[in-house]
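Please treat every number below as a calculation from the coordinates, not as lab data. As the structure is a computational prediction, the values presented were derived from the model and not from experiment. Here Cβ is always computed from backbone atoms with ideal geometry, including for glycine, and neighbour counts include all displayed protein chains.
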Amino acid sequence: MTNATADLPPPPTRYRDPLHVGAVRLPSRFNLAPLAGYTNLPFRLTVRELGGVGLCTTDLVNARAILEGIRKTMDLLATDPAERPLFVQIFGSKAAEMAGAARWLVDRGLADGIDINMGCPVRKVVATGGGSSLLCDTTGATVDLVRKVVEAVPVPVTVKMRLGWDDDQLTAPHFAREFEKVGAAAVTIHGRTREQGFGGGVSHDGIRRVVEAVEKIPVFGNGDVRSVADAARMIDETGCHGIAVGRGALADPWVFRQFDNWVRTGDPGPRGTYAERIGFMRLHLRRLVAWRGGEKYGCVQFRKVATWYTKALRLPKAVQQRLVMLSDLAEFEDVIGPFAESGPPPGWGEWDAQQAHVPVPAGPVAHW
Ligand SMILES: Cc1cc2nc3c(=O)[nH]c(=O)nc-3n(C[C@H](O)[C@H](O)[C@H](O)COP(=O)(O)O)c2cc1C
């Protein structure tokens with residue numbers, strides 16, 4: 001990770017050409033990676049408005065829960081005409097269920113495409129045979145699952161996966177090739193194994209092998225991209241056709257605009273200012289309230305993200321303590337108003353904010 005914009009390499013010219021995933025044309029080659037609990041409708045809408053975002057994908061959604069019409073699952077499927085294109089990410093291990101859920105979504109106009117989760121390392125998901133455990137089955141069942149989903153819907157079907165289960169089973173290149181053969185329209189590859197969780201480095205070499213394994217479909221590189229310099233290195237070292245950014249987008253929603261500026265002009269342009277960050281936080285909260293259908297519920301949802309906002313804005317501990325217990329919009333204005341007026345504290349810089357830490361599950365992966 002580096003802050004050097006002066007010595008950024010020129011953008012690859014091919015990145016100026018429009019990229020398609022199946023028949024869906026992407027506004028840019030920089031996608032928002034799904035982050036369960038964070039990349040819901042309010043966040044996606046607010047990021048997209050800043051510009052530069054290609055594809056957005058919902059948080060992972062349980063295929064069976066879609067078919068059963070579970071209320072909480074339906075909330076995750078909330079969308080808005082302004083956030084197109086949108087893919088819905090589904091997880092599960094049963095081909096018929098996955099295909100049925102995909103059809104259900106497309107029949108209701110809820111998805112421009114379907115993304116299949118094969119990366120999630122969390123026990124709850126892996127125990128069902130879904131998520132990254134699908135990367136262990138090279139007998140054909142995993143490929144068959146993708147084929148069945150592709151056959152079930154007229155929209156593009158993509159797969160998001162890790163390099164494999166562990167260093168002894170780096171199955172992603174094999175699967176990427178097989179998925180393409182049965183009609184997958186793109187692959188997103190997080191350059192870590194399941195065993196790694198979020199630790200260790202991202203293997204650009206591993207991502208490159210996936211890029212080389214496919215013939216025509218785009219491969220989106222993913223993992224630890226926080227800045228234009230990181231993106232430039234990922235593109236250079238992997239040859240990926242596009243990039244998916246997760247935690248970097250939480251820390252700095254303006255990063256897509258910077259990618260896009262860099263691709264078009266060679267200059268990433270400005271980062272989000274202090275005032276823009278406060279504006280973003282306010283809008284995010286208001287949309288959470290609208291999405292959850294009430295101040296109380298929206299504020300409870302906001303508590304989850306309050307800490308990374310306060311860190312990025314370097315707000316005092318007392319502010320953080322109030323925001324993580326927030327209960328209504330008036331209180332938010334009461335707490336934040338003075339900072340919106342006073343501007344950034346001495347020493348605050350856009351770059352530091354961009355590097356704000358985003359928490360990930362900790363401890364042994366098998367216990368998550
Ligand atoms: C809190 C959290 C939730 C995540 N949820 C999902 C998810 O629902 N679906 C998925 O495919 N990946 C999920 N991921 C993985 C990210 O999409 C991404 O692959 C990973 O964070 C690496 O990219 P990044 O360094 O840009 O964040 C999640 C990651 C985190 C930290």
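Roughly what % of DSSP beta bridges within the chain run antiparallel, to the nearest 5? Each step should come with its number before you reach the end.
Numbers: 3 of 33 bridges.
Percentage antiparallel, nearest 5: 10.
Would you please give the FRET efficiency between D334 and K296, computed as 1/(1 + (r/R0)^6) with r the Cβ-Cβ distance and R0 = 22 Å, to the nearest 0.05?
On the way: r = 17 Å, r/R0 = 0.75.
Between D334 and K296 the formula returns 0.85.
With the cut-off at 25 Å, tell me which of the pairs K148/K216; K94/K304; K72/K124; K72/K311; K72/K304 have Cα atoms farther apart than that.
Details: K148/K216 21 Å; K94/K304 32 Å; K72/K124 17 Å; K72/K311 29 Å; K72/K304 17 Å.
Pairs exceeding the cut-off: K94/K304; K72/K311.
Got the relative contact order for the stretch 274-354 handy, in percent, Cα pairs under 8 Å and 6 or more residues apart?
Working: 69 pairs, mean separation 26.2, N = 81.
After rounding, I find 32 percent.
Report relative contact order for the stretch 88-193 in percent, whole number only (criteria: Cα-Cα under 8 Å, sequence separation at least 6). All intermediate terms of the calculation are to be shown ahead of the outcome.
Values: 199 pairs, mean separation 30.0, N = 106.
In percent, rounded to a whole number, it is 28.
Most exposed first by the Cβ proxy, i.e. fewest other Cβ within 10 Å, how do Y309, Y297 rank?
Values: Y309 23, Y297 13.
Starting with the residue having the fewest Cβ neighbours, the order is Y297, Y309.
Just to be sure I understand: with springs between alpha-carbon atoms less than 10 Å apart, which residue in D224, D260, D80 has the highest mean-square fluctuation in the Gaussian network model of the chain?
Most flexible of the set in this elastic network: D80.
Can you put S28, S132, S342 in order, fewest other beta carbons within 10 Å first?
Working: S28 21, S132 24, S342 9.
Least crowded to most crowded, the residues run S342, S28, S132.
Angle between the Cα long axis of helix 172-181 and the longest principal axis of the chain, 0 to 90 degrees, nearest 10?
70 degrees
Rounded to two decimals, what ratio of Rg to Rh does the chain give with C-alpha atoms and a Kirkwood Rh? Could the numbers behind the result be given before it?
Details: Rg = 20.0 Å, Rh = 20.9 Å.
Here the Rg-to-Rh quotient is 0.96.
Note down the relative contact order for the chain as a percent, whole number, built from C-alpha pairs under 8 angstrom at least six residues apart.
Computed over the chain, the figure is 16 percent.
Under 14 Å from the Cβ of H20, count the other residues' Cβ atoms, weight Lys and Arg +1, Asp and Glu -1, and hand me the total.
+2
With +1 assigned to the C-beta of every Lys and Arg and -1 to the C-beta of every Asp and Glu, and no other charges, what is the dipole magnitude of the stretch 274-354 about the Cα centre in debye, to the nearest 20?
360 debye
What value, in deg cm²/dmol to 500, does the helix sum -39500 (n - 2.57) over DSSP H runs of n ≥ 4 give at 222 nm once divided by the residues of the chain? Numbers along the way, then the final one.
Details: 16 runs with 161 residues, N = 368.
Mean residue ellipticity, 222 nm, calculated: -13000 deg cm²/dmol.
Looking at the chain as a GNM with Cα springs under 10 Å, which of P346, P156, P34 has the largest mean-square fluctuation?
P346
Specify the residue with the greatest mean-square fluctuation among A102, A330, A176, computed from a Gaussian network of the chain linking alpha-carbon atoms under 10 Å apart.
Comparing A102, A330, A176 in the GNM, the peak value goes to A330.
Using +1 at the C-beta of Lys and Arg and -1 at the C-beta of Asp and Glu, which of T58, G343, F30 has the Cα lying farthest in the positive direction of the dipole of the chain?
T58
Just rank V157, V143, fewest to most, by other beta-carbon atoms within 10 angstrom.
On the way: V157 29, V143 20.
Going from least to most buried by this count: V143, V157.
With +1 assigned to the C-beta of every Lys and Arg and -1 to the C-beta of every Asp and Glu, and no other charges, what is the dipole magnitude of the stretch 32-121 about the Cα centre in debye, to the nearest 20? Each step should come with its number before you reach the end.
Working: 9 positive and 10 negative charges, 31 e Å.
That gives the stretch 32-121 a dipole magnitude of about 140 debye.
Within the chain, what's the longest stretch lacking trypsin sites (Lys or Arg not before Pro) that sit in DSSP loops with no more than 13 other Cβ atoms inside 10 Å?
Numbers: sites that count: R108, K216.
With trypsin sites (Lys or Arg not before Pro) excluded where exposed in loops, the chain gives 217-368 as its longest stretch.
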